[in-house]
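Read-outs: derived from the displayed coordinates by stated rules, not from any lab. All figures in this text were calculated on a predicted structure; none of them were measured in a lab. Here the Cβ positions follow ideal geometry from the backbone for every residue, glycine too, while neighbour counts run over all protein chains shown.
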Amino acid sequence: MCGILGFIGKKPVAERLISGSDRLQNRGEHSTGAATYDGNFFYSHLGLGPAALVFNDYPYGNLKGNAGIAHTRYATTGGDSPEKLQRNIQPVYADRPGMFTCANGDLINMLSQTERLKEMGFSFQTELDSKVLQNLMIHYMHENKLHCAKEPEDYVNRIFKSLEDLHKDLQGAYSVVTLMETGLLVFKDPHGIRPLSMAKRMENGEIMEYAFSSESAVFNYFSDYSEIEELKPGEALFIEHNTLKMHRRQITPMQEAFCFFEFIYFSRPDTKFKDRVVENARKNMGGVLAEEFASMRNRIDVVVGIPATGLSAAHNFGQILNIPYENAIIKVGNKRSFQETSDEKRRKAIDNKFIFIKDFIEGKRLAVIDDSNVRGTTAKKIARRLYDLGAKEVHYFFFSPPIIGSCYYGIDTPDESKLIAVGNSNEEIRRIMQVDSVNYISHQGLIRGLGIPKEELCLACITKKYPTPVDEIYKRLELRKKERGCGIC
Ligand code: SF4
């Protein structure tokens, strides 16, 4: 999972790119990079770590130009040693035609497409899906003779035709921003699995800038954007430099499959997808949990939320069942435990992540509200701490149904053998986690809480019904195993 940004307008974009990257750190902080174009040259600055580190004391003026893209990376491919992270920083550059590209999402058939492109003479100095996307785009731009286009309309038609060809070759999830010498190109995969929204900045009725972001929270931060909208499945936009003329087409529309997990865990609380504020969706889910488990009311003294995603769900749960809520677990720092790539690092991250308030815990029967239970590592560890601090009973409630399938679309859930809900009943999960009860929201409850028709969502990790073919995924899983030097994790 990663964050992407794109800006094209009538004023320099460097400051917005850098501040925007900082706002998308929740989507990955292994590396951060940005590239701009000033009408003559490209400029870029890339480094390991979050935006605050990479752009610390960096003079904004070095990233010249009124158009640019940026990327915050969570490494799902290529390994996580400093050397491997270094060679996989985005955006990636290519010439003929000159462009910087960055993407969010994973390609299921990345390896076969890489082999095919290598046979055509393309070079790969990275292990990134973005490089496959970029090389494939370039291949089709040549095939469609982009360089022969005489008129802007003809030029854009050739770009869109190239993307149509690319859509046919690729399986998987991809939201992409590409900065070219002619303009900014933005597109989504045919199912629109990963998010990407657009906004406008107007001045005196005139368009000043188009902005694109994985999450609309970036637009809220700057507070001068309007007309925020999510790109449609298979949609592409090309915006010309200087004139800001926009060309827009839904190239290969298929049934939408927007990742439901963006609402549950990944996205910032102040982001809006499909007209729903993420935090509000989480709050609703707490309400649904309360309705579904109202019979547990007399077994609970206090409701506790796991920060930060579980808090408003926990408040609502407590309010509906009329049970006191306590801030018994407080988060310190911004680290998300999923961003660690080994179980050991994940356990340490949990220890460093929370403060527990004993007075709210001791002698109490607790309802602990959390977003999801993937490996069971976090929940078990937290439950242990609660018992150690004197909790009388711990009842866990999750507002995602059991995770029974790996995500192949850019979310780093582990191999199925490491998913706690695979092959285990609720009672077995309860025993593994050593808690008093484990309670999951139902599938219908999830859909009701989100308020989005299930047909528009990817629910593959809770249903195992993947929206794209997944027949080549075993190759990627083998690769990941090799890259991490472990059992598939
Ligand atoms: Fe999201 Fe799950 Fe689909 Fe992955 S498999 S895109 S996490 S809903």
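Label sites at Lys150 and Asn327, each approximated as a point 7 angstrom past Cα along Cα to Cβ, lie 6.9 nm apart. Annotation: peptides 56-66, 93-103, ranked by per-residue average of other Cβ atoms within 10 Å with the highest first, follow the order 93-103, 56-66.
Peptides 41-47, 315-321, 80-86 ordered by packing proxy, namely the average of other Cβ atoms within 10 Å per residue, highest first: 315-321, 41-47, 80-86.
Once Lys and Arg get +1 and Asp and Glu get -1 on their Cβ, which of Tyr466, Thr243, Phe397 lies farthest toward the positive end of the dipole of the chain? The residue sitting most towards the positive pole is Phe397.
Between region 233-288 and region 113-138, how far is it from one alpha carbon centroid to the other, in angstrom? Each part reduced to its Cα centre gives a spacing of 27 Å. Summing Lys and Arg as +1 and Asp and Glu as -1 over all other residues whose Cβ lies under 14 Å from the Cβ of Arg448 gives a net charge of +2.
For region 121-255, what's the relative contact order in percent, using C-alpha pairs closer than 8 Å and at least 6 residues apart? Mind dumping the intermediate values first?
Details: 211 pairs, mean separation 28.3, N = 135.
In percent, rounded to a whole number, it is 21.
Seen from a random direction on average, the alpha-carbon convex hull of region 60-207 projects onto 10.7 square nanometres. Starting from the Cα of Ser112, step 7 Å toward the Cβ, then list every residue of region 456-475 with an amide N under 16 Å from that point. Only 468-475 fall inside the zone, counting backbone N under 16 Å. Fully extending the segment from Asp57 to Met208, taken as 0.36 nm per residue of separation minus the present Cα-Cα distance, adds 51.6 nm. Taken about its Cα centre, the chain carries a charge dipole of about 920 debye when Lys and Arg each add +1 at the Cβ and Asp and Glu each add -1 at the Cβ. Of the peptides 409-416, 26-33, the order by per-residue mean of other Cβ atoms within 10 Å, starting with the highest, comes out as 26-33, 409-416. Short to long, the 5 Å bins of the Cα pair-distance histogram for region 2-257 hold 1, 7, 14, 19, 21, 18, 12, 5, 1, 0, 0 percent of all pairs.
Take the Cα of Ala294, go 7 Å toward its beta carbon, and the backbone nitrogen atoms of region 431-464 under 16 Å from that spot belong to 442, 445. Computed over the chain, the per-residue total of -39500 (n - 2.57) for DSSP H runs of n ≥ 4 gives a 222 nm mean residue ellipticity of -9000 deg cm²/dmol, rounded to 500. Since only Thr309, Ile441, Gly286 are under comparison, the one whose Cα sits farthest along the positive direction of the charge dipole of region 279-451, derived from C-beta charges on Lys, Arg, Asp and Glu, is Thr309. Assuming R0 = 60 Å, what is the FRET efficiency of Lys10 and Asp169, from their Cβ-Cβ distance, to the nearest 0.05? E(calc), rounded to 0.05, equals 0.95.
Plainly put, the chain has a radius of gyration that is 0.98 times its Kirkwood radius, both from alpha-carbon atoms, as the Rg/Rh ratio. DSSP beta bridges fully contained in the chain are about 80 percent antiparallel. The slack between Arg385 and Lys475, meaning 0.36 nm per residue of separation minus the straight C-alpha distance, is 28.5 nm. Placing pseudo-labels 7 Å out from each Cα toward the beta carbon at Ile320 and Asp275 gives an inter-label distance of 2.2 nm. Each of Asp95 and Lys464 was given a label point 7 Å from its Cα along the Cα-to-Cβ line. The distance between the two points is 5.1 nm. Pairs exceeding a 30 Å alpha-carbon distance, out of Lys331/Lys418; Lys84/Lys118; Lys168/Lys454; Lys232/Lys381; Lys10/Lys118; Lys131/Lys161: Lys232/Lys381; Lys10/Lys118.
Quick one: pull the percentage of alpha-carbon pairs in region 279-451 with a separation above 21 Å.
On the way: 6748 of 14878 pairs.
Of all Cα-Cα distances in region 279-451, 45 percent exceed 21 Å.
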